[in-house]
1. Is it the case that some residue within segment B:206-215 is open to solvent by 40 Å² or more (accessible area, probe 1.4 Å) and in contact with a Phe, Trp or Tyr (Cβ under 8 Å, 6 or more places away or on another chain)?
2. Of all residues in segment A:67-76, how many are in a loop (DSSP other than H, G, I, E, B) and surrounded by 14 or more Cβ atoms within 10 Å (Cβ to Cβ)?
3. Looking at segment B:15-34, can you tell me whether even one residue there is modelled with pLDDT of 90 or more and either assigned by TED's automatic domain parsing to the domain that holds residue B:180 or under 21 Å from residue B:169 (Cα atoms) (or both)?
4. Between a residue in segment B:44-63 that is among the aliphatic types (A, V, I, L, M) and any residue that is within 9 Å of DNA strand D (Cβ to nearest atom) and not in a helix (DSSP H, G or I), which pairs come within a Cβ distance under 9 Å, given they are 6 or more apart or on different chains?
5. Could you please give the count of residues in segment A:32-65 that are assigned to a helix (DSSP H, G or I), exposed (fewer than 13 other Cβ atoms within 10 Å of the Cβ) and within 8 Å of DNA strand C (Cβ to nearest atom)?
6. Residues B:196, B:160, B:192, B:171: which one is within 24 Å of the chain's Cα centre (by Cα), hydrophobic (A, V, I, L, M, F, W, C) and either open to solvent by less than 30 Å² (accessible area, probe 1.4 Å) or more than 26 Å from residue A:167 (Cα to Cα) (or both)?
7. Taking segment B:101-129 on its own, how many of its residues are polar (S, T, N, Q) and over 18 Å from residue B:88 (Cβ atoms)?
8. Suppose we filter B:117, B:147 for residues that are open to solvent by 20 Å² or more (accessible area, probe 1.4 Å) and not acidic (Asp, Glu); which single one remains?
2 protein chains.
Amino acid sequence: MNAKERRTARHRPAPAEETRPRRRRDPITVDQVVETALGIIATEGYDALTMRRLSAALDTGPASLYAHVVNKADLDELLIGRLCARLTLPDPDPATWRDQLRGVCEALRDQYLQYPGISRAALAMAPTDLEALRVSEGMLAILLAAGIAPQRAAWTIDALLLYVAAHCLELSVAHRRAEDGDEVWPADRTDLLHRLTTLPAAAFPHTTRHAAELTAGTPHDRFDFTVRLMINGLA
Amino acid sequence: MNAKERRTARHRPAPAEETRPRRRRDPITVDQVVETALGIIATEGYDALTMRRLSAALDTGPASLYAHVVNKADLDELLIGRLCARLTLPDPDPATWRDQLRGVCEALRDQYLQYPGISRAALAMAPTDLEALRVSEGMLAILLAAGIAPQRAAWTIDALLLYVAAHCLELSVAHRRAEDGDEVWPADRTDLLHRLTTLPAAAFPHTTRHAAELTAGTPHDRFDFTVRLMINGLA
DNA sequence: AACTTGACACGAACGCTGTTCGTTTCTAGA
DNA sequence: TCTAGAAACGAACAGCGTTCGTGTCAAGTT
């Protein structure tokens with residue numbers, strides 16, 4: 001079976017798993033590729049995940065990967081699919097639907113944050129991946145059980161998933177830039193606070209006055225705030 | 001003056017403009033670089049904006065660009081800065097603050113959409129760029145005039161700006177993938193609808209049942225919905 | 001008027017990327 | 001035992017961002 005056939009098969013309802021013949025002493029499997037890739041991302045970040053780096057970690061050359069994966073984009077999809085597969089979706093409970101929905105978002109966020117920068121792959125992914133669809137199906141179940149209109153539910157889910165990915169991407173970018181010693185990037189919160197307060201007060205009256213609020217809060221605080229904002233807007 | 005000095009100068013309050021001596025018949029200026037880059041993005045997309053492609057459009061070699069720009073990241077920042085500079089910010093009016101805020105978001109979205117994929121640069125940008133700060137200052141003014149607490153206002157602005165960028169990024173990715181004839185990517189709305197309805201109903205009961213709602217709405221409808229969702233959540 | 005200075009332009013190269021071609025290797029089924 | 005064919009892989013290609021060393025030419029100084 002071709003690797004490209006495998007990809008299209010992943011987007012069909014029933015991807016039949018099957019044991020294949022093996023050649024090597026430790027023949028490479030797609031699972032191995034995905035797991036190794038996640039390991040690289042976890043320790044070195046998504047930018048370090050190149051086909052060469054990955055193939056080296058698997059003790060082979062770049063060309064060998066293309067027997068298991070169509071593209072880097074395809075690999076990205078596999079990675080996100082693996083992350084989505086890890087999420088446990090709650091049984092919809094109309095009494096606690098807000099907390100349930102927030103819980104799913106936070107679980108997804110935690111998965112993303114565990115693999116810095118991987119959310120970039122999520123943002124570029126096809127909307128028909130089965131594991132990703134499983135997550136949105138679960139979120140849809142929660143919202144419908146809560147009595148939200150299907151149209152509003154669908155759009156809210158998209159908005160939430162988009163925000164989660166974007167939020168994690170922003171965090172990973174900030175983290176990478178900060179530790180690379182970028183001059184332009186503020187080193188820490190006090191640095192950013194200082195830059196905002198020293199802006200010309202004439203052109204930036206509110207920014208300078210409320211610099212404290214602008215720089216306040218942990219990333220989790222901001223995430224929690226925004227998710228609540230969107231969920232509250234539903235009612 | 002070095003290009004790196006110029007960059008740090010752009011992050012300081014008062015970037016003094018100055019006429020410089022010229023060498024070439026048509027010496028390259030930063031303005032020229034930025035405008036040419038925007039032209040390339042507008043017609044060929046952000047992915048086509050490489051240092052080589054840009055330098056070729058300016059009738060020179062890649063190395064020449066680095067006299068005016070520190071990095072590609074620096075160029076990205078200039079591009080987003082230019083876009084932000086084009087936005088006209090309204091005088092805060094407590095009576096229509098929701099519409100005003102939505103208007104700013106839509107104007108920013110339209111700028112992003114005019115240059116497909118450029119929002120990727122926005123997501124990776126330093127939060128201290130002067131033109132970008134001008135925009136958030138304007139949004140902050142609207143929210144504060146409306147009586148929103150500074151802390152909530154600040155976080156809401158970040159959430160909105162993040163969503164606008166992410167939304168446009170998602171649109172550009174979808175557009176590029178669709179016109180590249182990607183097999184995995186749904187060609188159009190009916191294609192996506194068909195894929196969702198043919199999912200196994202046992203595992204995806206809600207997705208299959210409400211596939212129509214899931215695929216309904218223009219991108220602008222979804223954008224409008226989400227922005228309203230966040231703004232309404234404020235009250 | 002000749003000279004020094006230094007910013008800008010630029011050709012060539014480096015190390016890296018994703019991807020492909022052609023070949024070799026080795027197992028599963030006939 | 002033999003063969004078909006999938007997997008593995010070495011080598012290469014075109015392209016990327018970036019840097020180095022050098023060339024060039026106008027402005028300011030002597």
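1. No: segment B:206-215 contains no residue that is open to solvent by 40 Å² or more (accessible area, probe 1.4 Å) and in contact with a Phe, Trp or Tyr (Cβ under 8 Å, 6 or more places away or on another chain).
2. The number of residues fulfilling the criteria is 4.
3. yes
4. Sorted first by the residue in segment B:44-63, then by its partner, the pairs are B:51/B:66; B:51/B:69.
5. Residues in segment A:32-65 being assigned to a helix (DSSP H, G or I), exposed (fewer than 13 other Cβ atoms within 10 Å of the Cβ) and within 8 Å of DNA strand C (Cβ to nearest atom): 2 in total.
6. Exactly one residue qualifies, and that residue is B:160.
7. 2
8. When all the criteria are applied, what remains is B:147.
The values are calculated or read from the model by the stated rules, or taken from the named source; none is laboratory data. Being a predicted model, the structure only gives us computed values, none of them experimental. With ideal geometry, Cβ positions are generated from the backbone for all residues, glycine too; neighbour counts draw on all protein chains shown. To get the accessible areas, we keep the full protein, side chains included, count just its heavy atoms, and leave off ligands, DNA and RNA. Shrake-Rupley method; radii C 1.70, N 1.55, O 1.52, S 1.80 Å.
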